[in-house]
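Peer 1: Input: one structure, supplied below.
Throughout, read-outs are computed from the coordinates displayed, never taken from laboratory work. What you see is a predicted model; the values in this text were computed from it and never measured. Cβ sites come from the backbone with ideal geometry, for glycine too, and all protein chains shown count toward neighbours.
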Amino acid sequence: MPVASRNGNTEVIALANLISNTAQEILSEYSKAGQDIPSLDSTDSGPFDAPEKISVGLAKAIRTIEAACAQLAFTVASPGHVMANKVLEHEEPACMLVAVNAKVADHLLDKPEGLHVAELAEKANLDADKLGRILRLLATKHCFREVKPNVFANNRLSMQMVSTNTVSSYIGHIADESVKGGSYLNETLTDPKTAFSTSAEDSAFRRAHGASLFEFYNSPANSEINDRFAQALVGWGNVTGRAMLPRIYAWENVSENATLCDVGGNKGHMILDLMKKYPKLKAVIQDLPTVLKQAKEYWAKENPQAVEKQRVEFVPIDFLKEPPVPNCDFYYLRHILHDWPTSDCQKILTNVRKAMGPNSRLLIHEFVLQHIVRNTSEGAETVNQAPEPLLPNYGMGRVRLYKQDINMMLLCNGKERTLQEFIEIAEQTGFKFEKLWDSGEAGLIEFTIA
């Protein structure tokens, strides 16, 4: 029996009204801040560029606009037109990688009149015609501006590609290593030797690069790429709201000298803002010894007071094999479990459970996926369901979560998870679910000892 479809005319009108009404909400938010919405042509920072500066209402409005505009375009355009555009999307990250490596955005700093592509190409030792075509594609998608024929300038989006901006490192990581891995995803999923494996040794990344993710980055031959990856993680944290952590939990009610253990914390960059806002806390950053070397350098630069006052310590760990530092008040895992299959997640959480005291709490900070089915049952979990006629998970307004899920699949056979999946893994390892704290793009899931 065919599935009943919604009326297209009604949906187009509803989407157009939703866009119009939501645009007014966004204008109102900027008006309250005494600001105009920055033009895409501008290179100045806006009042709401950082996720932690965006109110809950504005964040919802932005998601709604993104979702509704995409759904409206997909509804009115022909299916073939939409699908042809979709399958060509691989060309954009390829062009972004060229632009980042060529430092085009750096060369265009403080040059609102732009530079001719011939000059940009000479600085980067690239072919002028090819670079011009690359920049024109990017400018067509609103990254860079073509101010005169073959003359390009920066704009709000291209400023994220300046080499001192850690987002540029994230762009390099995804457009380089990740995209190469993605080109082998189909072969990996259809090869009987790897199709049903959850091992990083059987990932698309491994097939593309000849080494698993962490073997690749730990290789001395890839030291520069590893440095970029470390910066990429900082950029990823900035984009996805690392500075939201001080806002989303009741840290003001936590006792003096309470200790937070950042398990697998890399540089500890995810808790940096928390420690600055609440210096009453103590922190333990745990990761592999080679990573902690970078962490110590990072904190000496970014929060030397915490280091000098011994409010932060660095303790090596292999969290698959050993428990973290015992009896901390909080054990914090940010974007850790998505790297690992369920069996290894159970090992990690079992080790954390061994370290916990009777009043310790586990905080898992990860993307929380939703099924794309509207849940209208009484008492059902309806967190962040979008208004009709949008997809209930906000569709293109939250698409990065689902792209990241596939990214984890191809990088290391990892995955993003639903709230129920997190609860099940935690219950299997001795935890009790307490609360899902809304932290914008990611969710902060709180557990206590069962």
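Peer 1: For residue 351, what is the net charge nearby, where nearby means another residue's Cβ is under 13 Å from its Cβ and Lys, Arg count +1, Asp, Glu -1?
Peer 2: +1
Peer 1: Given (i) 24.0; (ii) 21.8; (iii) 23.4, which label gives Kirkwood radius over Cα pairs in Å as computed from the coordinates?
Peer 2: Answer label, from the structure shown: (i).
Peer 1: Separate question: Report the calculated FRET efficiency for residue 293 and residue 239 (r = Cβ-Cβ distance, R0 = 22 Å), to the nearest 0.05.
Peer 2: Calculated transfer efficiency: 0.30.
Peer 1: Kindly rank 123-134, 82-93, 145-156 from highest to lowest mean number of other beta carbons found within 10 Å of each residue.
Peer 2: Values: 123-134: 15.7, 82-93: 11.8, 145-156: 18.8.
The packing order, highest mean first, is 145-156, 123-134, 82-93.
Peer 1: Next question, about the same structure. In nm, what is the difference between 0.36 nm times the number of residues separating residue 325 and residue 448 and their Cα-Cα distance?
Peer 2: Taking 0.36 nm per residue and subtracting the Cα distance, the gain is 42.6 nm.
Peer 1: Please give, to one decimal in nm, the separation of the simple spin-label points placed at residue 23 and residue 55, each 7 Å out from Cα toward the Cβ.
Peer 2: For residue 23 paired with residue 55, the spin-label model returns 2.1 nm.
Peer 1: Now a separate question. Could you check the simple spin-label distance between residue 183 and residue 86, using points 7 Å along Cα→Cβ, in nm with one decimal?
Peer 2: Distance between label points: 2.3 nm.
Peer 1: Can you compute the FRET efficiency between residue 219 and residue 136 using 1/(1 + (r/R0)^6), with r the Cβ-Cβ distance and R0 = 41 Å? Round to the nearest 0.05.
Peer 2: 0.65
Peer 1: First measure r as the distance between the Cβ atoms of residue 148 and residue 36, then evaluate 1/(1 + (r/R0)^6) with R0 = 22 Å and state the FRET efficiency to the nearest 0.05.
Peer 2: On the way: r = 26 Å, r/R0 = 1.19.
My answer for the efficiency is 0.25.
Peer 1: Please give every one of the lysines within straight-line cross-link reach of residue 432, meaning a C-alpha to C-alpha distance under 20 Å, and leave out same-chain neighbours fewer than 8 residues apart.
Peer 2: Candidates past the 8-residue exclusion: 347, 354.
Peer 1: Taking a quarter of the surface of the convex hull around the Cα atoms of the range 8-85, what do you get in nm²?
Peer 2: 6.5
Peer 1: If we count other beta carbons within 10 Å of each Cβ, what is the order of 164, 75, 429, 290, fewest first?
Peer 2: Least crowded to most crowded, the residues run 164, 290, 75, 429.
Peer 1: Cβ under 10 Å from residue 242's Cβ, residue 242 left aside: what net charge do those residues give with Lys, Arg +1 and Asp, Glu -1?
Peer 2: Details: positive: 334; negative: 52, 273.
That sum, taken over residues with Cβ under 10 Å, equals -1.
Peer 1: Pairing rule first: another cysteine's C-beta must sit under 4.7 Å. Under that rule, which cysteines of the chain stay single?
Peer 2: That list is 69, 95, 143, 345, 412.
Peer 1: Please enumerate, by chain and number, the lysines with C-alpha under 28 Å from the C-alpha of residue 141, excluding those fewer than 8 residues away in the same chain.
Peer 2: 53, 60, 86, 103, 111, 123, 130, 180, 403
Peer 1: A further question on this structure: Summing Lys, Arg as +1 and Asp, Glu as -1, what charge do residues with Cβ under 13 Å from the Cβ of residue 415 carry, residue 415 excluded?
Peer 2: On the way: positive: 403, 417; negative: 339, 344, 366, 405, 416, 421.
My count for the surroundings of residue 415 gives -4.
Peer 1: Which value in deg cm²/dmol, rounded to the nearest 500, describes the helix-derived mean residue ellipticity at 222 nm for the chain, given -39,500 (n - 2.57) per DSSP H run of n ≥ 4 and division by the residue count?
Peer 2: Numbers: 20 runs with 206 residues, N = 450.
That calculation yields -13500 deg cm²/dmol at 222 nm.
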